[in-house]
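Scroll down for the structure; my scribbles are underneath it.
Just so it is clear, none of the values below were taken in a lab; they were calculated from the coordinates. On a predicted model such as this, the values are computed, not experimentally measured, just so you know. Positions of Cβ are backbone-derived with ideal geometry, glycine not excepted, and every protein chain shown enters the neighbour counts.
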Amino acid sequence: MDTDPPLSASPEELAAQALLDAAIAGARRHHPHVPVIQRLIRTGAVGTTLMHQSAEAGLVVVGSRGHAGAAGLLRGSVSQVLLHHAGCPVIVIR
């Protein structure tokens, strides 16, 4: 389990780490045997970044806002990028 922020973490990175820790705290309590590696990555397009990170993952879980049609096409869909190009299984939760 890797959750320690770097020693030179900015206030924004510390806040992001705290938010991530809080978001998965319940799942960690209910499933302590499941290994989780958390990474805060601050560069790149989200879909592309997650696609590259998926090469080292056993599973990627992403949410979907349900933007169908033109809105989804104009913004791009992280879940679609991952479904087509991830290096591991992907679960999309709506």
**OP:** Hey, can you grab everything whose amide H is under 5 Å from the amide H of Gly87? Only 5+ residues off in sequence or another chain; H modelled, so Pro and N-termini drop out.
**Re:** Ser54, Ala55
Original post:
Just in the stretch 20-50: which trypsin sites (Lys or Arg not before Pro) are loop by DSSP and have at most 12 other Cβ atoms within 10 Å?
Top reply: Arg39, Arg42
Original post:
If R0 is 30 Å, what FRET efficiency do you get for Ser10 and Arg94 from their C-beta distance, rounded to 0.05?
Top reply: 0.35
